[in-house]
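Inspection log for the structure reproduced underneath, given as C-alpha cells.
Just so it is clear, none of the values below were taken in a lab; they were calculated from the coordinates. Quantities reported herein were computed from a predicted structural model and do not represent experimental measurements. Backbone-built Cβ (ideal geometry, glycine too); neighbour counts: all protein chains shown.
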Amino acid sequence: MVETVAVLDVGKSNVKLSLVDPARRVVIMSDTTPNRTATDGPYPHFDVDRIWSWLMGGLGAWSATRRIDTIVTTTHGACFVAVADGKAALPVLDYEFAGPQSVSGEYDALRGGFAETLSPALPNGLNAGRQLFWLGRSLPDAWSRVRSILPYPQYWAMRLSGAEVAEVTSLGSHTDLWNPRARTFSRLAESRGWAAMFPPVVPPWQSVGSVLPAVAREAGLPADCQVVAGIHDSNAALLPHLLDRPLPFTVLSTGTWMITFSLGGSLDRLDAQRDCLANVDAFGRPVPSAMCMAGREFEILTEGISVTPTLTDVRDVVATKVMALPSFVAGSGPYGRRRGTWSTEPNSLSAGSRMAAASLYAALVADTSLQLTGAAGPILVEGPFARNEVFLRALAQLAGRSVFGRTDAAGTTIGAALLSLGERAAAPVEGEAVAPLEVDLAAYAAEWRRRADGD
C-alpha cells in the first residue's frame with residue numbers, strides 16, 4: 001500500500017506541492033508558489049526551471065522527515081512541451097499569448113470539424129494545435145530540432161523519471177489533436193505529423209518508473225520512489241467521483257470558470273457556438289462539457305457585495321421579475337454573443353436582492369449548460385458556488401434533480417493522489433441533497449429564457 005504521495009499541481013496562477021495520504025484522502029501538508037510568466041525569449045512562457053528548483057527544494061525539505069513513495073503530476077490544460085534530448089527544445093508557451101492568433105486564417109482551414117474533435121475554436125493558444133502550428137511557422141529552425149511533444153503533466157514526469165509518455169485527459173482537452181469518440185489522434189494531428197511525435201499513450205495512473213538517480217540525490221528521495229504518468233487538473237478533480245459512483249451524474253466545478261462535466265451525458269446536443277465541448281476522462285471516455293465564466297460574472301453582478309440573501313429577498317426578486325440577463329463576459333458561455341443587461345437599475349436594489357438576482361442568474365446559466373450537455377443524475381457542485389444556498393436550491397428546482405454542495409471536496413490534489421492507487425477507491429462520503437427553493441421559479445425562468453434567447 002502506498003503510504004505518502006507527493007502531488008505537484010501546476011496551476012495557471014499558482015503551483016502547489018502537497019503530501020497526501022491517498023487511502024484516507026487526506027492532505028498532510030502543502031506549499032505554494034506563484035506561477036509567473038516570463039517575458040524574455042521569443043514569446044511569453046512559463047518559467048519551468050524556477051518551478052523545478054522550487055519543487056526540488058520542497059521535496060528535499062519534506063523527505064528529510066518522511067518517506068515519499070510516489071510522485072504524481074497534474075497541470076492546467078492548453079499546454080504542450082516540444083522536447084529534444086530530454087529537455088524542452090522551446091520555451092513552454094503561455095496559452096494566453098495572442099501570437100497563435102496570427103495563423104488562424106490558415107490553421108482554421110486545416111483544424112477539422114467539431115463533429116470529429118468535439119473541440120471548439122478558442123482564442124490565443126487555448127487550442128493546442130494552434131500553438132503547435134504557430135511554433136512551426138514562426139520558429140522553423142528551432143521546430144526542426146524537436147523530437148517529441150509532451151502534454152504538460154508528462155513533461156514534469158519526464159523531468160522526474162526520464163520517461164516520455166502521453167495520456168488522454170490532456171490530449172482531449174480542447175486541443176484539436178484528439179478524436180474522443182474513436183479514441184485516436186485527430187486527422188489534423190496525423191496530417192501534420194504531430195501524432196507521430198507524441199510518445200506512447202498510457203493510462204494516467206501508470207507508473208513510468210523510478211525517479212532519476214540525480215533527482216533522488218537532490219531531493220533526498222528513496223531510489224525506488226515511483227513517478228506516475230499524471231493527469232489534466234480538471235480530470236483529476238473528477239476522478240474521486242468517477243471512482244465513487246455509477247454514471248450518470250454531473251459535476252459543476254466552480255470558481256472564475258464554471259465547468260459542467262456531464263458524466264454519462266449526451267454528446268449529441270453539444271453546440272460549439274455556445275462554449276460546449278467534450279473533455280476526456282481518466283478512463284478515455286468523452287465527457288460532454290460546457291464552459292462559462294460564471295464566477296467572473298457573479299463578481300461583476302454583485303460588485304463586491306457579500307451578504308446572504310433571505311427567502312424574502314428571493315421572493316421579491318421573483319415577484320417583481322428583477323433579472324440579470326446574459327452575458328456579462330463577452331464570448332463566454334452559452335449566451336456569450338449577447339451583451340449583459342439588468343432589467344432594472346441594479347444600484348436601486350438592496351444588497352440582499354442584488355445577491356439573490358445574481359444567484360438566480362448563475363443557476364439559470366448552469367441549468368442551460370446542463371441541458372446542452374444532456375446531463376442526467378445527481379448534480380455535485382464544487383468550489384465557491386457550493387456555499388451559495390440560493391444558487392444550489394434554485395438549481396435543484398430548475399433541474400428537477402438532486403443537488404449536492406460539496407464544500408468538503410478536496411478537488412485536484414486528492415484526485416491526482418488517487419492515481420497512485422490505480423483504479424481502486426475508498427468508500428464514498430455523501431452528504432444530504434439540498435431542498436429545492438421554496439419559491440416557484442417556473443414563470444420567472446420562462447421569462448428569463450425567452451429574453452435570453454432573444455425572442
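Here the spin labels are modelled as points 7 Å beyond Cα on the Cα-Cβ line, and at Arg67 and Asp49 they lie 3.6 nm apart. Ordering 31-41, 347-357, 100-110 by mean Cβ neighbour count within 10 Å, with the highest value first, yields 347-357, 100-110, 31-41. Label segment 182-267 by shape, choosing from rounded, prolate and oblate, from the square roots a ≥ b ≥ c of the eigenvalues of the Cα gyration tensor; if a/c is under 1.5 it is rounded, and otherwise prolate applies when a/b is larger than b/c, oblate when it is not. In terms of gyration-tensor shape, oblate. How much FRET efficiency would the formula 1/(1 + (r/R0)^6) give for Asp440 and Ala214, where r is the Cβ-Cβ distance and R0 is 45 Å, rounded to 0.05? Using R0 = 45 Å, I get an efficiency of 0.10. Compared with the alpha-carbon gap, the fully stretched path from Glu190 to Val27 is longer by 54.6 nm at 0.36 nm per residue. Calculated on C-alpha atoms, the gyration radius of the chain divided by its Kirkwood radius gives an Rg/Rh of 0.98. With a Förster radius of 51 Å applied to the beta-carbon distance between Ser350 and Arg269, the computed FRET efficiency rounds to 0.85. Name all residues of segment 123-137 having a backbone nitrogen under 19 Å from the label point set 7 Å from the Cα of Arg337 along its Cα→Cβ direction, giving them as ranges. Label zone hits: 123. The modelled label-to-label distance between Arg147 and Arg181, using points 7 Å beyond Cα along the C-beta direction, is 3.8 nm.
Restricting segment 120-168 to trypsin sites (Lys or Arg not before Pro) that sit in a DSSP loop and have at most 16 other Cβ atoms within 10 Å of their own Cβ leaves Arg145, Arg147. The long axis of helix 233-244 is offset from the longest Cα principal axis of the chain by roughly 80 degrees. Between Ala330 and Asp108, the contour length at 0.36 nm per residue exceeds the alpha carbon distance by 77.8 nm.
Report summary: the helix-based calculation at 222 nm, which adds -39500 (n - 2.57) for every DSSP H run with n ≥ 4 and divides by the residues of the chain, gives -9500 deg cm²/dmol. A full extension of the chain between Glu299 and Thr320 corresponds to an added length of 5.3 nm, given 0.36 nm per residue minus the alpha carbon distance. Averaging the sequence gap over all C-alpha pairs within less than 8 Å and six or more residues apart, then dividing by the number of residues, gives segment 235-452 a relative contact order of 26 percent.
Counting only aspartates and glutamates at least 8 places from Lys87 when in the same chain, those with an alpha carbon closer than 16 Å to its own are Asp47, Asp49, Glu164. Among 224-233, 306-315, 366-375, 196-205, the peptide with the highest mean count of other Cβ atoms within 10 Å heads the list, and the full ranking is 224-233, 366-375, 196-205, 306-315.
Simple spin-label estimate for Asn14 and Glu447 gives 4.2 nm between the two label positions (7 Å along the Cα-to-Cβ direction from each Cα). Applying 1/(1 + (r/R0)^6) with R0 = 35 Å to the Cβ-Cβ distance of Thr256 and Ala84 gives a FRET efficiency near 0.50. Ranked by the mean number of other Cβ atoms within 10 Å of their residues, highest first, the peptides 214-220, 42-48 come out as 42-48, 214-220.
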